[in-house]
Every structure is written in structure tokens, then in C-alpha cells.
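Down below is the structure, laid out as C-alpha cells.
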Amino acid sequence: MTLVDRYLVTLRIIQPARVQDVLSAYTEMWGDGNKDQLHEAIYKLHEKMKSDGLLIDIRKGTYVLTEKGMNVAATLVKEREIDNRRLFLMKRQRRLYH
């Protein structure tokens, strides 16, 4: 999967979300290396996706995928895998809070 694909899947799992939330979930789920390079790439990608009509701003700074974005994400990963990843992410976050 490319960075774009992983970004779409990550946003699909945790939406609605801020860019910062997607970045932290992305590193948690995919474990990619250099945080500074990833930060810059994610922000550029986010702006491109907004201009391409894949994201919509629902509150100041909080985004969800448009129907077009959801369709693209649906081709990348099955709904069941999205639900499983969401569940494991929630369990991990719950353990950190206790």
C-alpha cells in the first residue's frame, strides 16, 4: 500500500478526525519510520485530497471522507478489516488510559 492508500484507510477507520489525529493513528497502525518526513507528507497529502474533493470539513479542522473518498477507501480494504482495525485501535487506546 502507498502512503495515499494508508492515509485513506486510516482516515476511514478513525473519522471524523483532525490531521493530527490521522498522523498519530497512522504511525500507530502502520509503524512507519521518520516522523518529520511523514508529518510533512501527510499534511501535503491532506491538502491535495481536499482539493481533489475526497475530504470535507465538518468542523473547523475536523474532516471526513466524501462519498468519492469512501468509494476509493472501499476498494483498498474490506469493511471487515476496517472494523477489526478500529476495534484493535480502540482497545490499545483504552489500555493506555488506565
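The values are calculated or read from the model by the stated rules, or taken from the named source; none is laboratory data. Everything numeric in this text was worked out from a predicted model, so none of it was measured. Glycine also receives a Cβ, built like all others from the backbone with ideal geometry; neighbour counts cover every protein chain displayed. Only protein heavy atoms, including side chains, enter the accessible area calculation; ligands, DNA and RNA are left aside. Shrake-Rupley method; radii C 1.70, N 1.55, O 1.52, S 1.80 Å.
Yes/no matrix, rows are residues, columns are (1) surrounded by fewer than 19 Cβ atoms within 10 Å (Cβ to Cβ); (2) of a type outside the set (A, V, I, L, M); (3) part of a strand (DSSP E or B):
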residue: 10; (1), (2), (3): no, yes, no
residue: 13; (1), (2), (3): no, no, no
residue: 22; (1), (2), (3): no, no, no
residue: 26; (1), (2), (3): no, yes, no
residue: 39; (1), (2), (3): yes, yes, no
residue: 42; (1), (2), (3): no, no, no
residue: 47; (1), (2), (3): yes, yes, no
residue: 50; (1), (2), (3): yes, yes, no
residue: 53; (1), (2), (3): yes, yes, no
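Do we have residue 7 as of a type in the set (Ser, Thr, Tyr) and touching a His at 6+ places or on another chain (Cβ under 9 Å) here? So residue 7 fits the description; yes. In this structure, is residue 94 open to solvent by 50 Å² or more (accessible area, probe 1.4 Å), under 12 Å from the mean Cα position of the chain (by Cα) and charged (D, E, K, R)? The answer is no for residue 94. Suppose the filter is in a helix (DSSP H, G or I), without any contact (Cβ under 8 Å) to a residue 40 or more places away in the chain and either touching a helix residue (DSSP H, G or I) at 6+ places or on another chain (Cβ under 8 Å) or not β-branched (Val, Ile, Thr) (or both); does residue 57 pass it? So residue 57 does not fit the description; no.
Identify the residue in segment 75-91 that is touching a residue at least 40 places away in the same chain (Cβ under 8 Å) and open to solvent by 30 Å² or more (accessible area, probe 1.4 Å) and, among all such residues, is nearest to residue 16 (Cα to Cα). I'd like the intermediate steps shown before the answer.
Let us first name the residues in segment 75-91 that are touching a residue at least 40 places away in the same chain (Cβ under 8 Å), namely 76-77, 82, 85-86, 89.
Narrowing further to those that are open to solvent by 30 Å² or more (accessible area, probe 1.4 Å): 76, 85-86.
Working: 76: 19, 85: 16, 86: 13 Å.
Ranking the candidates gives 86 first.
For segment 61-70, the criterion of being closer than 21 Å to residue 88 by Cα, modelled with pLDDT under 90 and part of a loop (DSSP other than H, G, I, E, B) is met by none of the residues.
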